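Take a look at the structure below.
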Amino acid sequence: MAGAVSALFLLDIKGRVLVWRDYRGDVSALQAERFFTKLLDKEDDSEVHSPVVYDDAGVTYMFIQHNNVFLLTAARQNCNFVVVVSKFPSTSV
């Protein structure tokens, strides 16, 4: 299926993986650590508030933060963020 996410993660506020589910086998749990590093790098840029983070390794991260928890998806394929997030229950974009 084109556009499917590779993995779904729940992270705490420090970037530790609480729970994760691998759907396609092409993204590891280490990708969540890479995401959090990229997110911290973005915090320095006050102009960037995108819920999408790109990685040089070809992984796209899409996330929502609620209080101290991040709901994160990782994909190696091109995914539409709105379609992915609309599948989450009780989420408004």
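The values are calculated or read from the model by the stated rules, or taken from the named source; none is laboratory data. Keep in mind that what you see is a predicted model, and the values were worked out from it rather than measured. Here the Cβ is made from the backbone with ideal geometry for all residues, glycine too, and neighbour counts use every protein chain on show. We work out accessible area using only protein heavy atoms, side chains counted, and drop any ligands, DNA or RNA first. Shrake-Rupley method; radii C 1.70, N 1.55, O 1.52, S 1.80 Å.
Below are the figures for this structure:
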read-out	value
Potential extension, N78-A29 segment - 0.36 nm per residue separation minus Cα distance	15.7 nm
Net charge over other residues, Cβ less than 13 angstrom from the Cβ of Y54 (K, R count +1; D, E count -1)	+1
Two-site label geometry, I64 and D12: point separation in nm, points 7 Å out along Cα→Cβ	2.3
Student exercise, region 4-65 dipole from Lys, Arg, Asp, Glu Cβ charges, in Debye to nearest 20	340
Area of E43 that stays accessible when all protein chains are in place (1.4 Å probe, Å², to 10)	130
